[in-house]
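One structure is given here, and the rest of the page talks about it.
The values are calculated or read from the model by the stated rules, or taken from the named source; none is laboratory data. As the structure is a prediction and not an experimental result, all values here were calculated from the model. Neighbour counts are summed over all protein chains in view; Cβ atoms, including those assigned to glycine, are modelled from backbone coordinates with ideal geometry.
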Amino acid sequence: MNCITLAGTRAALAMEIHLQNGVSLSGRIYVIDTKTNPKAPSLHKVVDPADIVQKTGLAYPHTSHCLASGDLLVSCLGDKDGNAVGNGFLLLDSEFNVKGRWEKPGHSPLFGYDFWYQPRHKTMISTSWGAPAAFTKGFNPQHVSDGLYGRHLHIRFLHDPSKDTGFVGCALTSNMVRFFKTDDGSWSHEVAISVKPLKVQNWILPEMPGLITDFLISLDDRFLYFVNWLHGDVRQYNIEDPKNPKLTGQIWVGGLIQKGCPVVAEAEDGTTKQFDVPEIQGKKLRGGPQMIQLSLDGKRLYVTNSLFSTWDRQFYPDLLEKGSHMLQLDVNTEKGGLALNPNFFVDFGAEPDGPSLAHEMRYPGETD
């Protein structure tokens, strides 16, 4: 995952992954100069994983956020052996040198992944994916039972710094959970949105979860967007009343239950259905919607479809052969609604060095 520094000069890319004849994770952090020539970004610095491990014991860097001090805070998912034990937060200075660990000794989270903070409330909340030794090999339901995965994947506070509420996305259960501060100053939570699993035929399990792998909130705090990577739809909810989100837009742009695929959803009466997924510029949409980024005016929602190479191979093997793509959804910011823009299609399968798997996008002044 990446971030744009406060000065807008460089984007710090937190994790490089290569998968060849098994799994090889470099753990490098690349710092890219995006200001000198935005049309031709250049490599500014590489933070060596050996330096990170030696000074902090951390490995598998993932999410990076910029602090007001100019330092960068990076969540790490485990130790050098892929165990979740020992994960925590890496602190880099403004020149991208390793300063050490951010959290106090004995206060590391059980798992690492995403995090966000609300300084006025003196609160930071982190989320969890799982042990790298487990998820890098692909998804195995037994690993969930074995306690190798966490529960909530992404977190977003409302952008209004005075607000004491936000949402976390729970991937496997496909719930959006609202958290909030109570009158006594403690924090509580409740399920705000629940995507029911679909009963399916011709799949590895009798039921298929939506698998919420990313979500975001518009800068004006009016709309929440999330994706169901397996079902294949992108959703828009009005959250002007955070306690009562209202579905205002939904569109299918991939997934395992689209027409022409072997998997079908089964209704209670025994009838089956599949979803219509449009083609764009003569191309069939591959994979499922995975990461999203919203333009600053809230009118364009960008979508990519690659989650993680081993998981892509497991659930959407054609992505490895044909590459991923990026789409643009046009957003109705007045009444709500999503529409696929037929004039925007970035095909990473056409890269000069072969098909690529594009994961995440970032705007300066990002909307996370």
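If you scan region 205-240, which residues turn out to be on the phi > 0 side of the Ramachandran plot and surrounded by 24 or more Cβ atoms within 10 Å (Cβ to Cβ)? First the steps, then the outcome.
Filtering region 205-240 down to residues on the phi > 0 side of the Ramachandran plot leaves 211, 221, 232.
Result: L211, G232.
Which condition from (1) surrounded by fewer than 22 Cβ atoms within 10 Å (Cβ to Cβ); (2) of a type in the set (V, I, T); (3) touching a strand residue (DSSP E or B) at 6+ places or on another chain (Cβ under 7 Å); (4) over 26 Å from Y363 (Cα atoms) is the one that I52 breaks?
So the condition that I52 fails would be (1).
Any chance you could count how many residues in region 62-86 are surrounded by 20 or more Cβ atoms within 10 Å (Cβ to Cβ) and charged (D, E, K, R)?
So the answer is 1.
Restricting to region 75-93, name every residue that is in a loop (DSSP other than H, G, I, E, B), of a type in the set (G, A, S) and in contact with a helix residue (DSSP H, G or I) (Cβ under 9 Å, 6 or more places away or on another chain).
Within region 75-93, G82, A84 meet the criteria.
Hey, among the residues in region 138-173 that are among the polar types (S, T, N, Q) and assigned by TED's automatic domain parsing to the domain that holds H231, which one's surrounded by the fewest Cβ atoms within 10 Å (Cβ to Cβ)?
S162
How many of the residues in region 94-139 are out of contact with any Ser or Thr (no Cβ under 8 Å at 6 or more places or on another chain), part of a strand (DSSP E or B) and among the hydrophobic types (A, V, I, L, M, F, W, C)?
Number of matching residues: 3.
So, in region 144-165, how many residues would count as being assigned to a loop (DSSP other than H, G, I, E, B) and free of Cβ contacts under 8 Å to residues at least 60 places away in the same chain?
9
Output the residues belonging to region 243-252 that are over 20 Å from P197 (Cβ atoms) and either in a loop (DSSP other than H, G, I, E, B) or in contact with a Ser or Thr (Cβ under 6 Å, 6 or more places away or on another chain) (or both).
Once the filter is applied, which keeps residues that are over 20 Å from P197 (Cβ atoms) and either in a loop (DSSP other than H, G, I, E, B) or in contact with a Ser or Thr (Cβ under 6 Å, 6 or more places away or on another chain) (or both), region 243-252 yields K243, N244.
Residues of region 1-54 being at pLDDT 50 or above, in contact with a His (Cβ under 9 Å, 6 or more places away or on another chain), among the hydrophobic types (A, V, I, L, M, F, W, C) and in a loop (DSSP other than H, G, I, E, B), which ones?
Scanning region 1-54 gives M1, M15.
Listed residues Q258, Q281, Q274; which is in the same structural domain as T304 (by TED's automatic domain parsing), more than 20 Å from the chain's Cα centre (by Cα) and either at positive phi or aromatic (F, W, Y) (or both)? Spell out the reasoning first.
Values: Q258 fails: either at positive phi or aromatic (F, W, Y) (or both); Q274 fails: either at positive phi or aromatic (F, W, Y) (or both).
Q281 is the lone residue from the list that is in the same structural domain as T304 (by TED's automatic domain parsing), more than 20 Å from the chain's Cα centre (by Cα) and either at positive phi or aromatic (F, W, Y) (or both).
Counting just the residues of region 87-98 that are buried (at least 17 other Cβ atoms within 10 Å of the Cβ) and of a type outside the set (A, V, I, L, M, F, W, C), which one comes out modelled with the highest pLDDT?
Checking each candidate, the answer is G88.
If a residue must be among the hydrophobic types (A, V, I, L, M, F, W, C) and within 20 Å of K137 (Cα to Cα), how many such residues does region 309-368 contain?
The number of residues fulfilling the criteria is 6.
Might you check whether a residue that is more than 23 Å from V168 (Cα to Cα) and either of a type outside the set (A, V, I, L, M) or surrounded by fewer than 18 Cβ atoms within 10 Å (Cβ to Cβ) (or both) occurs anywhere in region 111-123? Walk me through how you get there before you give the answer.
Going residue by residue through region 111-123, those that are more than 23 Å from V168 (Cα to Cα) are none.
The answer is no, given that none of the residues of region 111-123 is more than 23 Å from V168 (Cα to Cα) and either of a type outside the set (A, V, I, L, M) or surrounded by fewer than 18 Cβ atoms within 10 Å (Cβ to Cβ) (or both).
Test of understanding: among L172, L148, L153, which residue is among the hydrophobic types (A, V, I, L, M, F, W, C) and out of contact with any strand residue (DSSP E or B) (no Cβ under 6 Å at 6 or more places or on another chain)? Walk me through it before giving the result.
On the way: L148 fails: out of contact with any strand residue (DSSP E or B) (no Cβ under 6 Å at 6 or more places or on another chain); L153 fails: out of contact with any strand residue (DSSP E or B) (no Cβ under 6 Å at 6 or more places or on another chain).
After ruling out the rest, the residue left standing is L172.
Exactly one condition in (1) among the acidic types (D, E); (2) within 23 Å of E360 (Cα to Cα); (3) more than 18 Å from the chain's Cα centre (by Cα) is false for E95; which is it?
(2)
When you look at Q290, is it on the phi > 0 side of the Ramachandran plot and polar (S, T, N, Q), yes or no?
Values: on the phi > 0 side of the Ramachandran plot: no; polar (S, T, N, Q): yes.
For Q290, the condition - on the phi > 0 side of the Ramachandran plot and polar (S, T, N, Q) - is not met.
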